[in-house]
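Taking it in order: structure first as structure tokens, then the write-up.
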Amino acid sequence: MNVINSKTHTVIGLIVGIALVIAPWLFGFANVGGAAVTVPIIVGLFIIISELTTTSEISPLKLVPMRTHLVVDYITGAFLALSPWLFGFADLAANAWVPHLIVGILTIGYAALTDPRDASVAVHE
């Protein structure tokens, strides 16, 4: 069920990317340091760059086809969701690892709901 168009997907992705960059301060775990802090910042910046390079109608660079971008989103979401266990910070307070898990799962979810057709094709059909 593809209910999200590429334009909406890009907007969601940019919001998610920004939220991840500020997540350590937003959720109060910036003081724990290490991977718990660096993973969401790096993943957030990666998502922002990724959204700006898709073939979405509002992406300025239009380098990466939407189907490829969605596969990257699945991988990125899985990496983010599993990062507390991959990097060993799942034993910290919940506010330091639950956001990674939830946002990772939600990233997979909004990718799964996105129409994989490139914006130029989706607009003309």
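Just so you know, all these numbers are worked out from the coordinates, no wet-lab data involved. Worth saying up front: this structure is predicted, and the values here are computed from it rather than measured.
Per q in 0.09, 0.17 1/Å, what log10 I(q)/I(0) does a Debye calculation on the alpha-carbon atoms of the chain return?
Values, matching the q order: -0.25, -0.78.
From the backbone phi of the stretch 95-112, what are the Karplus-calculated ³J(HN,Hα) couplings (6.51 cos²θ - 1.76 cosθ + 1.60, θ = phi - 60°) in whole Hz, Gly and Pro given as x?
5, 8, 10, 4, x, 4, 5, 5, 5, x, 5, 5, 5, 4, x, 6, 5, 5
Using modelled backbone amide H atoms (1.01 Å from N, in-plane), which distant-in-sequence or interchain residues come within less than 5 Å of I4's amide H?
T114, D115
Taking the chain as the reference, fit the longest principal axis to its C-alpha atoms, fit the long axis of helix 35-52 to the helix C-alpha atoms, and give the angle between the two in degrees, 0 to 90, nearest 10.
The answer is roughly 10 degrees.
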